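Visitor: A single structure is presented below for examination.
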Amino acid sequence: MKRLFVDTGAWYALVDKKDPDHKEAAAFIRNNKIPLLTTNFVFDETITLLRSRLGWSVAKEFGQKLKDSRFVSLIGVKDEDEEKAWEIFLRYKDKD
């Protein structure tokens, strides 16, 4: 099944109406038909960022929406995933 990975910046832009990318993020989510995927690390980072910038209630509400969503898969990063990511990072030191 095809899924789109969503990182912290996109989630934040979706929530914060003052973010420069908010309109584009909201439009994308409204029109997107491909299921979304994010990780436990991204979830934690997003909730922490939302709490620090927009408050606990905003962070709680958005976090609960992600957890309850049938359209967003929240997967846990495993130790072997972290190790493989580290190996890739080390191998491609010439890439930004």
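The values are calculated or read from the model by the stated rules, or taken from the named source; none is laboratory data. Because the structure is a prediction, the values reported are computed rather than measured. Cβ sites come from the backbone with ideal geometry, for glycine too, and all protein chains shown count toward neighbours.
Visitor: Please enumerate the residues belonging to region 16-48 that are within 15 Å of residue 63 (Cβ to Cβ) and not hydrophobic (A, V, I, L, M, F, W, C).
Guide: Within region 16-48, 16, 38, 39, 40, 44, 45, 46, 48 qualify.
Visitor: Out of all the residues in region 27-42, which are surrounded by 17 or more Cβ atoms within 10 Å (Cβ to Cβ) and in a helix (DSSP H, G or I)?
Guide: From region 27-42, those surrounded by 17 or more Cβ atoms within 10 Å (Cβ to Cβ) are 36, 38-39, 42; that's our starting set.
Correct list: 42 only.
Visitor: Residue 57 - would you say it is small (Gly, Ala, Ser) and surrounded by 11 or more Cβ atoms within 10 Å (Cβ to Cβ)?
Guide: On the way: small (Gly, Ala, Ser): yes; surrounded by 11 or more Cβ atoms within 10 Å (Cβ to Cβ): no.
Taking the combined requirement at face value, the residue does not satisfy it.
Visitor: Can you tell which of 48, 38 is touching a residue at least 24 places away in the same chain (Cβ under 8 Å) and not aliphatic (A, V, I, L, M)?
Guide: Being touching a residue at least 24 places away in the same chain (Cβ under 8 Å) and not aliphatic (A, V, I, L, M) holds for just one of 48, 38, which is 38.
Visitor: Please find, within region 61-82, the residue that is surrounded by the most Cβ atoms within 10 Å (Cβ to Cβ) out of those that are closer than 12 Å to residue 15 by Cα and free of Cβ contacts under 8 Å to residues at least 12 places away in the same chain.
Guide: Within region 61-82, the match that is surrounded by the most Cβ atoms within 10 Å (Cβ to Cβ) is 61.
Visitor: Here's something else I'd like to know. I need a count of the residues in region 1-15 that are farther than 22 Å from residue 78 by Cα and either in contact with a His (Cβ under 6 Å, 6 or more places away or on another chain) or modelled with pLDDT under 95 (or both).
Guide: 1
Visitor: Where residues in region 70-92 are more than 19 Å from residue 48 (Cβ to Cβ) and either of a type in the set (A, V, I, L, M) or not in a helix (DSSP H, G or I) (or both), which of them is modelled with the lowest pLDDT?
Guide: Across region 70-92, the extreme among qualifying residues is 85.
Visitor: Next question, about the same structure. Check 24, 45 and return the single one that is of a type in the set (Asp, Glu), at pLDDT 95 or above, part of a helix (DSSP H, G or I) and under 15 Å from the mean Cα position of the chain (by Cα).
Guide: Going through 24, 45 in turn, just one is of a type in the set (Asp, Glu), at pLDDT 95 or above, part of a helix (DSSP H, G or I) and under 15 Å from the mean Cα position of the chain (by Cα): 45.
Visitor: Just to verify a result, which residue in region 1-20, among those that are in contact (Cβ under 8 Å) with a residue 12 or more places away in the chain and exposed (fewer than 15 other Cβ atoms within 10 Å of the Cβ), is farthest from residue 52 (Cα to Cα)?
Guide: Taking the candidates together, the pick is 1.
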